[in-house]
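The values are calculated or read from the model by the stated rules, or taken from the named source; none is laboratory data. The structure displayed is predicted, hence computed values, not measured ones. Here the Cβ is made from the backbone with ideal geometry for all residues, glycine too, and neighbour counts use every protein chain on show. Keep in mind that these areas ignore ligands, DNA and RNA; they rest on the heavy atoms of the full protein, side chains included. Shrake-Rupley method; radii C 1.70, N 1.55, O 1.52, S 1.80 Å.
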Amino acid sequence: MPGWILAMLSFGGLLIVRDMAITVFRTRKNKVEAEIYEKHPQKEQMERYANSFQRLANSFYSMPYRKEHLSNGEMEEILNRVQEEMCTGCSKFDSCWRLCYHLNYQQACDLIGILEEGDADQINRAQGDWMVHCINGARYLDRLKQLFFQSRQALVWNNKLIENRLAVAEQLGEVAHIMQKTAESIYSISTVPENLEEQVKKALRKQHVIVKKMWMLEKPAEKIQIYITMRARAGQCITLHEISRVLSKICGTSMAAVKEGHTILNGEYNTVLFMEDVNYRVLYGVAKVTKENENISGDSYACTDGEGKFVMCLSDGMGSGLDANKESEAVVDLLEQFITSGFSKETAAKMINSALVLQRNDGMFSTVDLCSLDLYSGVCDFLKAGAATSFIKRDQWVETITSTSIAAGLVQQLDFDTTTKKLYNGDYLIMVTDGVLDALPLSREEETMKEIIMQIHSTTPKEFGRSILERVMAYCGYEAKDDMTVLVAGVWEK
């Protein structure tokens, strides 16, 4: 066999052995890192704090729940007090409460039940039946109703306290969840390997950038994140995009700066986060119409882009005008704050719902319509509470995402509608408030909206939203009976 063939086979064998060694080494390294991470003392301490908050939350949940009606014991207590005050000493006491005890007791219980139902005709009939055989009927009934309404008011207040307690329990549970997630990230921030740090410093020095410190956030199965504290040399300026290109070459993968208000590095030290670049980009636009004879819309929206996710949230406040605007704006602002701070959409929505329940006054509530698009995978998560149907346009068809849950702030234990969809290059996501669909033909709202969407060929999201709203307004004679908002996002591969 020729010598060069033997040499090639030997070289190939060495490469195979090298690759196998690297694979084994990486597997063992990842396993060791995972074990160290799980046993980190700070992580365990934070988990103990989280467990304490969760146990405290569970203690609230174990307390009595709200009641819709008076209990048998409470009804019996009312009857015993009325009997003691009104019937003791009455000449007919023996015939009423000894000879006919069961009959009169049942009739009195039925009367309390009718008072709870609140039907005026039934109450009048029941009172008339009681007056037939009771010589002190008027006084007896007045006292019975007085004690009943006192007990009923106590029940209402007790339910409010229970509702507030459950809201606090929900908040404590979410705090425990947040602390648990924080514990999972405590040990993931570490210094950058010396060789990598030296490479970055050397390469950026050529670009007139001085690096002071570097950190790396690296956990199993997550994207690499590098924090760099740096500044440009005196009299020099460099864009974060140029620095991203330098990092991309060194790391062997496309990196991008997570911008927070600035895109150019100057002579002052700044800490900038760089992440693996995303695979999708999103543009969005909005079209709005305020209800006829109103100066301000009760709908609010927000869009945010950061750390590999694009989030859109839309909220419709109860009613219209300034009060509705304040409600929906508060919901949107809180959602945006929570999500950009790193909380999950479920956690954010639950915290906001609890806050609305605690401060609720005369039925304050707002719809919650939230979508979070992963810009790496194109997977979009939807969360809805009382929100209108959303739509996805792809090529020659339109898909709907519906909700059957009630709005946030109405009840403490709120079930959100959640679903997940995969978005592709060229897809459009359309979110609307109730006023838009309510303007369309009854019982054909969604089908009509699908037809409208299919008729539009605009490529920019802003024009897309305007075109939708123009066609919807034509259905209601260009008189908006409710606030209308159309939020459109287009998704494209980078």
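On the given criteria, is Ser95 farther than 29 Å from Trp157 by Cβ and in a helix (DSSP H, G or I)? Criteria met by Ser95.
Taken over the range 296-336, the criterion of being in contact with a Cys (Cβ under 8 Å, 6 or more places away or on another chain) and among the small types (Gly, Ala, Ser) is satisfied by Ala302 alone. One residue is enough: does the range 395-417 have a residue meeting the conditions assigned to a strand (DSSP E or B), at pLDDT 90 or above and open to solvent by 70 Å² or more (accessible area, probe 1.4 Å)? There is at least one residue in the range 395-417 that is assigned to a strand (DSSP E or B), at pLDDT 90 or above and open to solvent by 70 Å² or more (accessible area, probe 1.4 Å). In the range 471-488, the residues that are in contact (Cβ under 8 Å) with a residue 24 or more places away in the chain and farther than 15 Å from Ile430 by Cα reach residues that are crowded, with 18+ Cβ neighbours inside 10 Å and among the acidic types (Asp, Glu) with C-beta atoms within less than 9 angstrom, at least six apart or across chains, in these pairs: Asp482/Asp316; Asp482/Asp434; Asp483/Asp299; Asp483/Asp316; Asp483/Asp434.
Exactly one residue out of Lys223, Lys206, Lys202, Lys213 is of a type in the set (Lys, Arg) and under 27 Å from Asp374 (Cβ atoms), and it is Lys223. Residue check: Val368 meets all listed conditions (1) more than 19 Å from Gly319 (Cα to Cα); (2) open to solvent by less than 50 Å² (accessible area, probe 1.4 Å); (3) at pLDDT below 90 but one, namely (1).
Scanning the range 435-456 for residues that are of a type in the set (S, T, N, Q) and buried (at least 16 other Cβ atoms within 10 Å of the Cβ) returns a single hit, Thr448.
Selection of the range 460-494 for residues being surrounded by fewer than 17 Cβ atoms within 10 Å (Cβ to Cβ) and in contact with a Gly (Cβ under 6 Å, 6 or more places away or on another chain) yields only Lys462. With respect to (1) closer than 30 Å to Cys476 by Cα; (2) part of a strand (DSSP E or B); (3) open to solvent by 50 Å² or more (accessible area, probe 1.4 Å); (4) not aromatic (Phe, Trp, Tyr), the lone exception for Thr271 is condition (1). Could you look through the range 181-218, keep only residues that are open to solvent by 50 Å² or more (accessible area, probe 1.4 Å), polar (S, T, N, Q) and in contact with a Phe, Trp or Tyr (Cβ under 8 Å, 6 or more places away or on another chain), and pick out the one that is modelled with the highest pLDDT? Here the residue is Thr191. Tally the residues that are more than 45 Å from the chain's Cα centre (by Cα) and of a type in the set (Gly, Ala, Ser), restricting the search to the range 108-160. Within the range 108-160, residues that are more than 45 Å from the chain's Cα centre (by Cα) and of a type in the set (Gly, Ala, Ser) number 5. In the range 192-210, the residues that are closer than 11 Å to Val246 by Cα reach residues that are open to solvent by 70 Å² or more (accessible area, probe 1.4 Å) with C-beta atoms within less than 8 angstrom, at least six apart or across chains, in these pairs: Ala203/Lys249. Arg233 meets each of the listed conditions (1) under 26 Å from Leu375 (Cα atoms); (2) open to solvent by 80 Å² or more (accessible area, probe 1.4 Å) apart from (1). Please verify whether Ser390 is buried (at least 21 other Cβ atoms within 10 Å of the Cβ), at pLDDT 90 or above and polar (S, T, N, Q), treating the condition exactly as stated. Spelling it out, Ser390 is indeed buried (at least 21 other Cβ atoms within 10 Å of the Cβ), at pLDDT 90 or above and polar (S, T, N, Q).
Residue check: Asp417 meets all listed conditions (1) within 30 Å of Lys67 (Cα to Cα); (2) out of contact with any strand residue (DSSP E or B) (no Cβ under 8 Å at 6 or more places or on another chain) but one, namely (2).
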